[in-house]
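Here is the structure we will look at.
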Amino acid sequence: MSVELCGVKVPLAAFALELDATLAGRVTAIFGASGAGKTTLLEAIAGLRRLKSGAVSVDGAIVVDAEAGVFMPPEQRAIGYVPQEGALFPHFAVRHNLRYGFDARRDRPAGLTYEHVVEVLELSALTERRVGTLSGGEKQRVALGRALLSAPRLLLLDEPLAGLDAALRERLLPYLARVRDEFAIPMLYVTHSPDEVMALCDDVLVLDRGRVVARGAPAEIFAKSERPRYELRGG
Amino acid sequence: MSAEAWQITWFTIGVATLSTLAILPGGVALGWLLARRQWPGKSLVETIVALPLVIPPVATGLILLKLFGRRGPLGGWIERTFGWEIVFTWKAVVIATAVMSFPLLVRTARVAFEGVNPRLEQVARTLGAGPWRVWGTITLPLAARGLVAGAVLAFARALGEFGATVMVAGFIPGQTVTLSLSIYQLVQLGRDDEALVLLGVSVAIAFAAVWVSEYFVRRRPA
């Protein structure tokens, strides 16, 4: 699996996101401070934001090409997106949230079952609950399960642990690792935490003001003297 | 209650219902367009829709009279095409109440749609739902309370409409007389006790409408 970003440009308020990169890791971290353009990049790949120029292809299939006027709508891309706040549907119970994308997919892979995802993320006790009664960590697990069940070929995770306290982050990290190992769906993982990158990712793209300023394996990136700098900037 | 009072009551309820149903699809669609889309001429449309709220109802009635009269641009066309007369018939009452309550429906619908987090719609798209499925399963259910409130507000406005109705539909017993028109007329004639009966009816209908809407809004947890 690979995601190719060719001359991608998206104007933002203070600067423009400008990227040329091929992402081929199992879990690729998009690392950088708040406002570096990380979320914008995910939105552009998911089809929630238009490119000013450039193209994005997934596994060689073009999903958007601004010059050629190609724009595949998000529902046809099979790219799962978990925003930072989870964005669960408040008027549905957990089960209905989980099945929202699953039931609509006719061509889902044979190995993907509702029961399996519920088991891996330990959601069975939550399925009849209303979304409003869930804790922050539970919401993130449901949001992750919902995205997985839509049978994506690529999963975009936008700081899934950012809104949670340290103890909860510790507890959720193994779930993410399990998803990575059980489902073999490549992920782009937006974060500003070096610890999460070290625990989950095999490739890191460091973004600053819309541009890639460093690229490499997590150990390389964070072993260097730059680590304190990134930590400081990451806040 | 006299037969005449019953007739007026049912006529008024029928007109208010018909005018609310008539503006519902357009009002909801326009509310959504104003909340979610940018398009050329948007502020002009917003202003025109809001006009009946700010200009005197009688003036709005006069505009409708000129538009829908036999020699008016719309009235003439309708008469030639369908053979329908509009002014001074029940159709004029429906048009007047619809125009007067339309801004209330559009405004409430707009606020209702603005209250739906666009993130939810975006995520639904990434889960494989096309725009129509997103509209039906996410946008509409989450805006439903506001839309019901808007429809009740429009219905209530239609029940009480007076100024525009009297201009464009006149006072024709058995054909265009609504509760409001009748109450005014009865008081003019010094038949206050009959007017008080219709007043009671008006209050009862308004009360029932609000009660029914509260019931629906409560039953639908957000």
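We did not get these values from a lab; they are worked out from the coordinates using the rules stated. As the structure is a prediction and not an experimental result, all values here were calculated from the model. Positions of Cβ are generated from backbone atoms using ideal geometry, with glycine treated the same way; all protein chains shown enter the neighbour counts.
Brief remarks follow.
- Note on chain A: with a GNM built from Cα contacts shorter than 10 Å, the maximum mean-square fluctuation among A:Val131, A:Val213, A:Val27 falls on A:Val213.
- Each residue of the stretch B:85-90 is assigned a 3J(HN,Hα), and the resulting list reads 8, 9, 5, 6, 10, 4 Hz, derived from the Karplus form 6.51 cos²θ - 1.76 cosθ + 1.60 (θ = phi - 60°), x at Gly and Pro.
- Shown for A:Thr127, B:Thr17: other C-beta atoms within 10 Å of each C-beta, ranked fewest to most, produce the order B:Thr17, A:Thr127.
- Loop-located chymotrypsin sites (Phe, Trp or Tyr not before Pro) in the stretch B:53-86 whose Cβ has at most 16 other Cβ within 10 Å (DSSP): B:Trp84
- Percentage relative contact order, chain A, counting C-alpha pairs under 8 Å, at least six apart: 28
- The GluC sites (Glu not before Pro) found in the stretch B:1-108 that occupy coil by DSSP, while having at most 15 further C-beta atoms within 10 Å, are B:Glu85.
- When +1 charges are put on Lys and Arg Cβ atoms and -1 charges on Asp and Glu Cβ atoms, the dipole computed for chain B relative to its Cα centre reaches about 1040 debye.
- Fraction of beta bridges assigned by DSSP in the stretch A:3-234 that are antiparallel (%, nearest 5): 60
- Radius, Kirkwood style, for the stretch A:1-107 when every pair of distinct Cα atoms is counted (Å): 15.3
- Cβ neighbours within 10 Å from other chains - mean over A:80-87: 4
- Counting Lys and Arg as +1 and Asp and Glu as -1 over every other residue whose Cβ lies under 14 Å from the Cβ of B:Ser182, the net charge comes to -4.
- Cα principal axis extents for the stretch A:91-224, largest first, Å: 47, 34, 26
- Other residues with beta-carbon under 15 Å from the beta-carbon of B:Ala169 carry, at +1 per Lys or Arg and -1 per Asp or Glu, a net charge of +1.
- Pairwise Cα distances in the stretch A:169-213 exceed 17 Å in 35 percent of cases.
- Using the Stokes-Einstein relation with a Kirkwood hydrodynamic radius computed over Cα pairs, the translational diffusion coefficient of the stretch B:44-141 at 4 °C and a viscosity of 1.567 mPa s comes to 79 µm²/s.
- Phi-based couplings in Hz for the stretch B:19-28 (Karplus 6.51, -1.76, 1.60; Gly and Pro marked x): 5, 5, 4, 5, 8, 4, x, x, x, 5
- Rule-of-thumb Rg ratio for chain B [Cα; 2.2 N^0.38 Å; N residues]: 1.15
- Relative contact order [Cα under 8 Å, 6+ residues apart], the stretch A:10-73, whole percent: 22
- Residue-averaged beta-carbon neighbours from other chains (10 angstrom radius) around A:73-79: 5
- Calculated on the Cα set of the protein assembly as shown, radius of gyration then Dmax: 29.4, 95 Å.
- The stretch A:3-234, Rg to Rh (Cα coordinates; Rh as Kirkwood inverse mean 1/r): 0.96
- Across chain A, the longest piece that holds none of the GluC sites (Glu not before Pro) lying in DSSP loops with up to 15 other C-beta atoms within 10 Å covers A:129-235.
- Scanning chain B for trypsin sites (Lys or Arg not before Pro) that sit in a DSSP loop and have at most 13 other Cβ atoms within 10 Å, the longest stretch containing none of them is B:72-190.
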